[in-house]
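Below is one structure, written out as structure tokens, with a few remarks after it.
The values are calculated or read from the model by the stated rules, or taken from the named source; none is laboratory data. The structure presented is a predicted model; accordingly, all values stated were derived computationally and were not measured. For neighbour counting, all protein chains shown are included, and Cβ atoms are generated from backbone atoms with ideal geometry for every residue, glycine included. Calculation scope for accessible area: heavy atoms of the full protein, side chains included, ligands and nucleic acids excluded. Shrake-Rupley method; radii C 1.70, N 1.55, O 1.52, S 1.80 Å.
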Amino acid sequence: MKNQDIRAQLSKIEAQLRAEIRLELLQHHIDNQQLNTIQQMDLSNLIDYLSEIKLSDTCLFERLMRLDAAVCQLDLGLYGLCSDCESEIEVSRLQQDPTEQRCSVCASRYQQEHRHELRLNH
């Protein structure tokens with residue numbers, strides 16, 4: 001897949017996440033002017049802002065972090081490489097989720113190692 005196509009997919013995901021973030025922030029009674037300012041933030045500033053207002057423990061925040069990592073990897077020429085073992089992530093995994101950070105072997109290992117943490121959080 002071409003970088004241009006990947007970037008288009010990631011941009012689409014970013015637009016979806018920003019729409020979800022807007023809805024989440026509306027629930028926190030943030031005014032429209034501030035919402036517009038937040039919507040103009042780049043990903044790293046948006047991540048910092050969400051951390052400041054204590055939204056870093058949400059699924060939405062996790063998805064935003066994965067998106068930011070994928071964009072950074074694409075910029076560095078490392079997109080599609082597993083964050084753990086650095087082997088290529090299977091194309092099918094990236095097609096399913098362009099923000100995927102691990103190959104299937106490392107993803108399985110990661111889930112096994114963090115299974116206990118997941119249960120504690122829910």
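Quick rundown of the values:
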item	result
Test for residue 23: is it of a type outside the set (Ser, Thr, Tyr), open to solvent by less than 50 Å² (accessible area, probe 1.4 Å) and modelled with pLDDT under 95	no
Residues that are hydroxyl-bearing (Ser, Thr, Tyr) and open to solvent by 50 Å² or more (accessible area, probe 1.4 Å), drawn from segment 52-81	56
For residue 39: the one exception among (1) within 18 Å of the chain's Cα centre (by Cα); (2) surrounded by fewer than 11 Cβ atoms within 10 Å (Cβ to Cβ); (3) in contact (Cβ under 8 Å) with a residue 12 or more places away in the chain	(2)
Looking only at segment 82-94, and only at residues there that are open to solvent by 60 Å² or more (accessible area, probe 1.4 Å) and among the hydrophobic types (A, V, I, L, M, F, W, C), the one that is nearest to residue 47 (Cα to Cα)	85
